[in-house]
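Asker: After the structure tokens below, expect a handful of questions from me.
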Amino acid sequence: MVTLEHYLVLSALLFSLGMVGVMFRRNLIVILMSLELMMNAVNLSFVAFSRYLGSIEGQVFVLFVMVVAAAEVAVGLAIAVAVFRERGTININDISLLKW
Amino acid sequence: METILFYVLAAVTLLSAVFVVFLRRPIHNVLFMILTMVGLATLFILLHAEFLAMVQIIVYAGAVMVLFLFVIMLLNLEELDLPKAPRPLRWGFGIILSLAFAVILFPIFSHFVPTIMGKAQSGTAAAGASNMELIARELFTTYLLPFEIASVLLLAAIIGTVVIGRKLTQK
């Protein structure tokens, strides 16, 4: 029998993996992808709650999360392309203009 | 049955997520990300969220990941040294995987040819309102305003992307 906890543990593991990617990878595109992974982990727990609490609202929220994620990816990749055009690299160690 | 399916799908999803984070080449990251998305979609089906599973495959595996692939190809971050002609081993793998996919699709085929697997199962979703109908009803009544705002957000994202991605001209 698969319980709610199974899905929550899986979701937590996926989220942690995404966080590891955000913190330890230096490639801007891979960081964006890890962000996607984190959002998908949240989506999974939303759907699991929606199923086990018997309410459809969790799935409606997943739709909104997907909309925001798609917008974020489009703008993020456009920024990556613009930065690459300007600097010739997307390694975030070389793009630390706002860091002090 | 459901437990076994859950563990297999969870293992596939987690393993490919590990590859997404730890593999060196961005192109491999993207390909394993697609596998993760498909794994999550199957988990959604397991959770009886069929509509979201379809959206997950179409939006994420279809659109978002293709966008990632385009940008990686565009920036040309690495020299790809693919062999000219596919090796026999690769042909073999391709054929085996295609056959496996056909086997996965087999229950769908049997729906059209009911004599193969006895009576085709029908009408499991017909009992009560379907998943999609429930979501639509909620989305267009309670959450109508957020829905409209989401469309404005998407418009803003489109315009922002075009403005940022435009070739800068010197004045």
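Asker: Against the longest alpha carbon principal axis of chain A, how many degrees, from 0 to 90 and to the nearest 10, is the axis of helix A:4-24 turned?
Answerer: Taking the Cα atoms of chain A, the angle to A:4-24 is about 10 degrees.
Asker: Another question about this same structure. How tilted is helix A:28-52 with respect to the longest principal axis of chain A? Cα atoms for both, answer in degrees (0 to 90, nearest 10).
Answerer: Rounded to the nearest ten degrees, it is 10.
Asker: On to the next question. How big is D, in µm² s⁻¹, for chain A by Stokes-Einstein at 25 °C and 0.890 mPa s if Rh is the Kirkwood radius over C-alpha pairs?
Answerer: Roughly 162 µm²/s, to the nearest whole number.
Asker: Considering every residue in B:20-28, what mean count of other chain Cβ atoms within 10 Å of its Cβ is obtained?
Answerer: Average neighbour count from other chains, rounded to a whole number: 5.
Asker: Dipole magnitude of the protein assembly as shown about its Cα centre, charges +1 at Lys/Arg Cβ and -1 at Asp/Glu Cβ only, in debye to the nearest 20?
Answerer: Magnitude of the dipole: close to 880 debye.
Asker: Can you list the residues, at least 5 places off or on another chain, whose amide H is less than 5 Å from the amide H of A:Ile56, using H built in the peptide plane?
Answerer: For A:Ile56, no residues qualify.
Asker: Between B:Ile158 and A:Met1, take the C-beta separation as r, use R0 = 51 Å, and let me know the FRET efficiency to the nearest 0.05.
Answerer: 0.70
Asker: Now for a different question. Which net charge results when you count Lys and Arg as +1 and Asp and Glu as -1 among the other residues whose beta-carbon is under 13 Å from that of B:Leu154?
Answerer: Every neighbour counted, the sum reads -2.
Asker: I would also like to ask the following. Below 8 Å between Cα atoms, with a sequence gap of 6+, how large is the relative contact order for chain A in percent?
Answerer: Answer for chain A is 28 percent.
Asker: Principal axes first, then extents: for the Cα atoms of the protein assembly as shown, list largest minus smallest coordinate on each axis, whole Å, largest first.
Answerer: Projected onto the principal axes, the Cα atoms of the protein assembly as shown cover 69, 56, 34 Å.
Bear in mind that the values in this text are calculations on the coordinates, not laboratory data. What you see is a predicted model, and the numbers here were worked out from it, not measured in a lab. Glycine also receives a Cβ, built like all others from the backbone with ideal geometry; neighbour counts cover every protein chain displayed.
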